[in-house]
1. Would you confirm, using the coordinates I've provided, whether T138 is modelled with pLDDT under 85 and closer than 24 Å to P70 by Cα?
2. Restricting region 42-85 to residues that are in a loop (DSSP other than H, G, I, E, B) and surrounded by 19 or more Cβ atoms within 10 Å (Cβ to Cβ), which is modelled with the highest pLDDT?
3. Restricting attention to strands (runs of 3 or more DSSP E) lying wholly within region 90-187, give those where 1 or more residues are open to solvent by less than 60 Å² (accessible area, probe 1.4 Å) and hydroxyl-bearing (S, T, Y).
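The values are calculated or read from the model by the stated rules, or taken from the named source; none is laboratory data. Worth saying up front: this structure is predicted, and the values here are computed from it rather than measured. Glycine gets a Cβ as well: all are built from the backbone with ideal geometry, and neighbour counts include every protein chain shown. Please note that ligands, DNA and RNA were not included when accessible areas were found on the heavy atoms of the full protein model with its side chains. Shrake-Rupley method; radii C 1.70, N 1.55, O 1.52, S 1.80 Å.
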Amino acid sequence: MNTPTDRTRPFLRSRILHAGVFVTAMLTIALNSANAFAANLHPAGYRIAAGGDKFEGTRLFAAAFKTRPPRRLRARHLELVVGALAASAEDRAFVSFGPVWRLPIEHRSLFVELGFSPTLLAGSTLNGRDLGGNLHFTSSIAIGATFGERQTLSLSLRAQHTSNGGLNDTNPGIDMFGINIALNFTN
C-alpha cells in the first residue's frame with residue numbers, strides 16, 4: 001500500500017496548494033470575462049493574512065469578488081471570497097459569501113469596512129485541531145484608504161474572526177490579521 005511518508009507530505013501539500021492557487025487564478029480570469037461583467041460580478045481584491053495564537057504559522061491566500069447587494073441590505077457590496085488556509089500540518093480551501101458595509105472617515109479616501117459572511121471550509125480540522133465542522137461564519141473589520149484620481153487602488157489592514165458560531169461544542173475559531181489590496185478597473 002502506498003502511503004505518504006514524512007518526506008512526501010510537504011511535497012503533496014505544496015502541489016495541492018499550487019493547484020488551489022491555479023484554480024483561484026482561473027476563476028479570476030473567468031470572472032473578468034464579459035459574462036461576469038454582465039452579471040455585475042467584479043474583482044474586488046486579493047488578501048494575504050497570517051494567523052496567531054493556537055494556529056500560529058497559518059496563512060490565508062484569497063481572491064475576492066464583489067457584486068451588487070439587494071437594496072434593503074444597505075451594504076456597499078456582496079463579496080465572494082475563494083481561497084486557502086495554509087498551515088504547517090494541512091491546507092484547507094474555503095469559500096465565503098456575504099455583505100460588506102463601508103463607512104467613510106472624514107476624508108473621502110479613508111474608510112472602515114465591516115463584513116459578515118457564512119464560510120464553507122473543506123475539512124473540519126486545521127493543523128491537527130478540530131474546528132467543529134465545515135460551516136463557519138467570518139466577521140471582519142478593515143481600515144484603509146483609496147488612492148489615485150479615480151480611486152483605483154485600495155489598501156487596507158484587515159482583522160477577521162472565523163468560527164462556527166456555537167453550532168458545535170468544539171469552536172476554537174481562527175483569528176487572522178493581514179493586508180487587503182484591491183485594484184478597481186471599473187471606474
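1. Values: modelled with pLDDT under 85: no; closer than 24 Å to P70 by Cα: yes.
Against the criterion (modelled with pLDDT under 85 and closer than 24 Å to P70 by Cα), T138 does not qualify.
2. A75
3. Working: elements: 91-105, 110-121, 135-147, 153-163, 174-183.
The strands (runs of 3 or more DSSP E) meeting that bar are 91-105, 110-121, 135-147, 153-163.
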